[in-house]
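Asks: Attaching a single structure in structure tokens format; questions to follow.
The values are calculated or read from the model by the stated rules, or taken from the named source; none is laboratory data. In this text, all values refer to a predicted model and were calculated from it rather than measured experimentally. Cβ: placed from backbone, ideal geometry, glycine included. Neighbour counts: every protein chain shown.
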Amino acid sequence: MSTVPAPSSVPAASSAAGTAGPVQKPRRFTELLLLVVAVGIGVGANILVDPERLASENEHILASGLVLGIGSLVLHVVLRLRAKYADPYVLPVVVALNGLGIAMIHRIDLTTDQAAAGSQVLWTAIAMAAAGLVLWFLKDHRVLRRITYICLVLSGVLLLLPLLPGLGLELNGARIWISVGGRTFQPGEVAKITLAVFFAGYLSTNRDLILLAGKKIGPVRLPRFRDMAPMFAAWLIAIGVLVFQRDLGSAILFFGLFLAMIYLATSRLSWIVIGLLLVAAGGFFASQVFGHVAARLDSWLNAFDPEVYNRAPGGSAQIVQGLFGLSSGGMFGQGLGQGRPDLVSYANSDMIITAFGEELGLIGVSAILMLFFLFVTRGFRAALGTRDAFGKLLAAGLSAVIVLQLFVVVGGVTRLIPLTGLTTPFMSAGGSSLLSNWIIAAIVLAISHTARRPVVTGPATEEDLAEVAAYEAALREAAARDAQERAERRERRAARRTGDRAEDDSARDTGDDATAAQPAVPPTTAQAAAVDAAATEALSATGPGGRRTAADIPHGSDADGGTPTEAMSRLTDQGGHGPRSTENGGAS
Amino acid sequence: MSELTVTLLRFGFLALLWIFIFSIVASQGRDLAVGGKLPAALTRSRPERRRGGGSSAPETAAVPPAGGVPTGQRARPQTLVVLEGPLRGRSYPLGSAPVLLGRSPEATVPLGDDYASGRHARLFPQGSRWFLEDLGSTNGTYVGQQRLSRAVPLDAGTPFRVGKTVLELRP
């Protein structure tokens, strides 16, 4: 029974190890074409809201056009350079939505003498730059998995910031802003990213434990408390802080994210049922205890009651005016710049969807919802395509954030659910929302790159072998350098300690050190152990974060920027998936 | 601007929005199909696997060693030996195909180890070396005391642990 003879099972062996995906092309040219159309939509909308301005006061049209055009071009180039296989549809969709949003904010500025469009254009530029930076530095989204618990802490801090006296700012009864140097920022918007990262990291690690460990009561298996404790901590932070901040919209968003991700990870419908029961209980409790929640519910259920309509703060005038706007828009809308969306309060942030409904009609709003739908499907597509559980959960979770936020907003303005103050992603006036949503888009793009990248497997080519050789040479070189440094240091120390018997010892010590440094690997073959130990030593000497291991280094190679580590990371990503199939021309 | 132009622009803009959406949907095409090639691959490999399982040897890990390493570097280790665990003492000749280690009967080396995940780890050849990669297992894959977080090159004589099974490559 020692050696098993080999049946001809090459395909079986290889197909067990990997799954074949559909052939993917980079499709960057498709993206460029669509980007041209998307920028055209944005600029066209900005011109159409007041065509007379094209001739005279065209600063806004120029500025918004330039930001959208140059921004998308820069992002396109970044994608070409850093994430060649990223999804080609995400960027055009986001640019189109952003352009439409700027146009509507500008249009409302024109009739209300606000100046929100200028800062929105500025924030668009900042957000696009941030997205570019994320795409440039986040070559492998799995790096985020290492900061799972940092993200939990960060989420807590971000959500607590507005509660700090002096820093926090209370507007319209909700305390979700911080004010720094005269500018306001909503940290909760960033917290939705960090929370998604935490949920993804935690659930991808502990999925099996949550599913399988624990007592079984009837048909339901309850997870052990300690497996779920960090999740509930995150949930409590989100909900607790938001009860204190009195922002119902964000609370629904975070709780929805929590539910969506736990369902995605475990595929147990019971979580959704339990969650919805909790929401119902929480909603009832909140409506009894908090006056503002009760007022919201009242203005939702009895919106057309004149008394509720005219109530000074918290009346239903906003919702009802929005509904009137939608109805006057009809099927085709009044035309951009032709309606009166400014009659609705917060027409450029919370109620921007009704403004679009009035001016573009049902057809236009459906188009906008369709664009969001496309964005979210592309996010889920990236989640399905990527191979690691963390990436799957993160892409799906971030898409879920967008779709939940959209649901809360659109459901609110159409009186399907109580209206809560949330921004429409990519469209509403508000820098923090724009920034965090663009970062979400960038992360989804980065994940879609790993999802669509061709998997090259099987016997290595000359090129791959050269890369491995270069990597090993670099390791050896680093090891040699390290050994030399160590020898020198030891020599110096020995010289200081005892003077003359230094030389013999130092030589011997160095040799010992190289093998003793890696107790992890029992040195069975002297040569192999020496190489391994040397590698670990070299890496712990060169790595930025102190002691790192040979297994760690190739992973987050971005910081090192060296070709050897990068070659390694490429190689490991190509790990055996069937016979070498260059699924498209790219990498062979 | 005339009434007609305004109306044309108004409807033209709506049309542009929908043209944009339809061009995206049309260009997505079959990209939405997930793993479109998968069924074909499965149907091809299943009968062969069954045939392999029916033979006297349940472990179908072995692949006849391919005709050496093309580049003429030092040879890859060609045997996988189980040092500890339920399959202790067994050895598997390695070829040039990746080897899946795990509890699952589908694995190329089914470990029969309760502490191993179904698809636990994978050994794959690259050039003159074998690389070991953890496939997101619950209990991890260890080379010595070191839990793997990325694929690492594995030399002959370096024991590694999958669940409670300790394995090693031999030349």
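Asks: Sort out for me the helices (runs of 4 or more DSSP H) sitting completely within the stretch A:306-392 that have 1 or more residues that are among the aromatic types (Phe, Trp, Tyr), touching a residue at least 24 places away in the same chain (Cβ under 8 Å) and crowded, with 22+ Cβ neighbours inside 10 Å.
Replies: Ranges flagged: A:352-385.
Asks: Consider only pairs whose beta carbons are under 7 Å apart and that are at least six residues apart or on different chains; among these, list those whose first residue lies in the stretch A:278-303 and is outside any helix (DSSP H, G or I) and whose second residue is among the aliphatic types (A, V, I, L, M).
Replies: From the stretch A:278-303, the pairs are A:Asn302/A:Val308; A:Ala303/A:Ile319; A:Ala303/A:Val320.
Asks: In the stretch B:118-160, which residue that is more than 8 Å from chain A (Cβ to nearest Cβ) and not in a strand (DSSP E or B) is surrounded by the fewest Cβ atoms within 10 Å (Cβ to Cβ)?
Replies: Residue satisfying both the conditions and the ranking: B:Gly118.
Asks: Determine whether the stretch A:425-435 contains at least one residue that is at pLDDT 80 or above, in contact with a Leu (Cβ under 7 Å, 6 or more places away or on another chain) and aromatic (Phe, Trp, Tyr).
Replies: yes
Asks: Here is a further query. Pull up the stretch B:100-117, narrow it to residues that are within 21 Å of A:Asp388 (Cα to Cα) and hydrophobic (A, V, I, L, M, F, W, C), then point me to the one that is surrounded by the most Cβ atoms within 10 Å (Cβ to Cβ).
Replies: B:Leu101
Asks: What's the total number of residues in the stretch B:117-145 that are more than 22 Å from A:Leu203 (Cβ to Cβ) and among the aliphatic types (A, V, I, L, M)?
Replies: The qualifying residues number 3.
Asks: For the stretch A:235-256, state whether one or more residues are more than 14 Å from chain B (Cβ to nearest Cβ), within 22 Å of the chain's Cα centre (by Cα), of a type outside the set (D, E, K, R) and surrounded by fewer than 15 Cβ atoms within 10 Å (Cβ to Cβ).
Replies: The answer is yes; a qualifying residue exists.
Asks: From the list A:Pro459, A:Pro454, exactly one residue is modelled with pLDDT under 85 and more than 19 Å from A:Asp388 (Cα to Cα). Which is it?
Replies: Values: A:Pro454 fails: more than 19 Å from A:Asp388 (Cα to Cα).
Exactly one residue qualifies, and that residue is A:Pro459.
Asks: Would you be able to say whether some residue in the stretch A:101-114 is among the basic types (Lys, Arg), assigned to a helix (DSSP H, G or I), closer than 17 Å to A:His60 by Cα and in contact (Cβ under 8 Å) with a residue 24 or more places away in the chain? Let's see the steps before the verdict.
Replies: The first filter runs over the stretch A:101-114 and keeps only residues among the basic types (Lys, Arg), leaving A:107.
Applying the additional criterion that residues be assigned to a helix (DSSP H, G or I) yields A:107.
The next check asks that each one be closer than 17 Å to A:His60 by Cα; those that pass are A:107.
After this cut, where a residue has to be in contact (Cβ under 8 Å) with a residue 24 or more places away in the chain as well, the list is A:107.
Yes; the residues of the stretch A:101-114 include at least one that is among the basic types (Lys, Arg), assigned to a helix (DSSP H, G or I), closer than 17 Å to A:His60 by Cα and in contact (Cβ under 8 Å) with a residue 24 or more places away in the chain.
Asks: Let me ask something additional. Can you work out which of the residues in the stretch A:475-521 that are among the hydrophobic types (A, V, I, L, M, F, W, C) and at pLDDT 55 or above is surrounded by the fewest Cβ atoms within 10 Å (Cβ to Cβ)?
Replies: That would be A:Ala480.
Asks: Within 11 Å of chain B (Cβ to nearest Cβ), at pLDDT 90 or above and out of contact with any Asp or Glu (no Cβ under 9 Å at 6 or more places or on another chain), is that true of A:Ala38?
Replies: yes
Asks: Please verify whether the stretch A:208-216 includes one or more residues that are closer than 25 Å to A:Leu422 by Cβ and part of a strand (DSSP E or B).
Replies: Scanning the stretch A:208-216 turns up no residue that is closer than 25 Å to A:Leu422 by Cβ and part of a strand (DSSP E or B).
Asks: Pick out the one residue from A:Leu144, A:Leu169, A:Leu159 that is touching a Pro at 6+ places or on another chain (Cβ under 8 Å), surrounded by 22 or more Cβ atoms within 10 Å (Cβ to Cβ) and in contact (Cβ under 8 Å) with a residue 12 or more places away in the chain.
Replies: Criteria check complete, one pass: A:Leu159.
Asks: OK, next. What about A:Leu404, is it within 14 Å of chain B (Cβ to nearest Cβ) and over 13 Å from the mean Cα position of the chain (by Cα)? Spell out the reasoning first.
Replies: Details: within 14 Å of chain B (Cβ to nearest Cβ): no; over 13 Å from the mean Cα position of the chain (by Cα): yes.
No; evaluated as a whole, the condition is false for this residue.
Asks: Quick one: what pairs do we get from the stretch B:94-117, first residue under 16 Å from B:Val82 (Cα atoms), second at pLDDT below 80 and among the hydroxyl-bearing types (Ser, Thr, Tyr), C-beta under 6 Å, 6+ apart or different chains?
Replies: Listed pairs, sorted by first residue: B:Val99/B:Thr108; B:Leu100/B:Thr108.
Asks: Now for a separate question. Output yes when any residue across the stretch B:86-99 is crowded, with 20+ Cβ neighbours inside 10 Å, more than 9 Å from chain A (Cβ to nearest Cβ) and under 22 Å from B:Gly136 (Cβ atoms), and no when none is.
Replies: no
Asks: Mind listing just one residue for me: the one in the stretch A:23-73 that is outside any helix (DSSP H, G or I) and charged (D, E, K, R) and, of those, nearest to A:Ala125 (Cα to Cα)?
Replies: Selected residue: A:Glu57.
Asks: Follow-up. Considering only residues of the stretch A:41-66 that are crowded, with 20+ Cβ neighbours inside 10 Å and more than 10 Å from every other protein chain (Cβ to nearest Cβ), which is farthest from B:Ile21 (Cα to Cα)?
Replies: Going through the qualifying residues, I end up with A:His60.
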